[in-house]
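Report on one structure; see the data block that follows.
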Amino acid sequence: MPHEFAVTVYYEDTDMGGIVYHANYLKYIERARSAWVRELGIDQNAMREAGTAFVVRRVEADYLGAARLDDELTVRTRTESVTGARLVMAQEILREGKVIFRAEVTAVCATLDGQPVRLPAEIRQKVN
């Protein structure tokens, strides 16, 4: 079942024409992933204290429509696949039920100095 996260477009998110600046879509999906992970009971602060963190390795994005000032958006996040080393998520941003942005995000686990490590088994279970 996909996770849903609400976003309101503020003035600071837009260009002079009132359209959301392209990089802000990546911020919206990052916030949604963070909320999803938190709701699954994964404590990213505890991960960091233990010496690991999630790292985005790859993002493939399609801009399908424009969001504008004061739009109410929904970000949907779902797991595409989980292996011992990576988590692939599908994310969509919708306005009034219509998909305006789509991304596939690959995340891995790494030590704080950037060395890749396996995703902990308890995390793989929670995101599956």
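Of note:
- Test for Ile42: is it of a type in the set (Val, Ile, Thr), surrounded by 12 or more Cβ atoms within 10 Å (Cβ to Cβ) and outside any helix (DSSP H, G or I): yes
- Summed over segment 28-71, the residues that are aromatic (Phe, Trp, Tyr) and touching a residue at least 60 places away in the same chain (Cβ under 8 Å) give a count of 1.
- Consider segment 50-83 and keep the residues that are among the charged types (D, E, K, R) and either surrounded by 13 or more Cβ atoms within 10 Å (Cβ to Cβ) or modelled with pLDDT under 95 (or both). The one that is farthest from Val127 (Cα to Cα) is Arg68.
- Failed criterion for Arg86 (all others in (1) buried (at least 16 other Cβ atoms within 10 Å of the Cβ); (2) more than 15 Å from the chain's Cα centre (by Cα); (3) closer than 15 Å to Val127 by Cα hold): (2)
- Candidate set: segment 97-128, residues that are touching a residue at least 24 places away in the same chain (Cβ under 8 Å) and more than 29 Å from Ala46 (Cβ to Cβ); chosen: the one farthest from the chain's Cα centre (by Cα): Lys98
- Restricting attention to segment 90-123, the residues that are among the basic types (Lys, Arg) and surrounded by fewer than 16 Cβ atoms within 10 Å (Cβ to Cβ) total 2.
- Filtered residue count, segment 11-34, keeping only those that are buried (at least 21 other Cβ atoms within 10 Å of the Cβ) and outside any helix (DSSP H, G or I): 1
- Condition met for Val37 (under 20 Å from Val127 (Cα atoms) and assigned to a strand (DSSP E or B)): no
- Every condition in (1) aliphatic (A, V, I, L, M); (2) over 9 Å from the mean Cα position of the chain (by Cα); (3) surrounded by 18 or more Cβ atoms within 10 Å (Cβ to Cβ) is met by Met47 except one, and the failing one is (3).
The values are calculated or read from the model by the stated rules, or taken from the named source; none is laboratory data. Source: prediction; values computed, not measured. In this analysis, Cβ positions are derived from the backbone assuming ideal geometry, glycine residues included, and neighbour counts consider all displayed protein chains.
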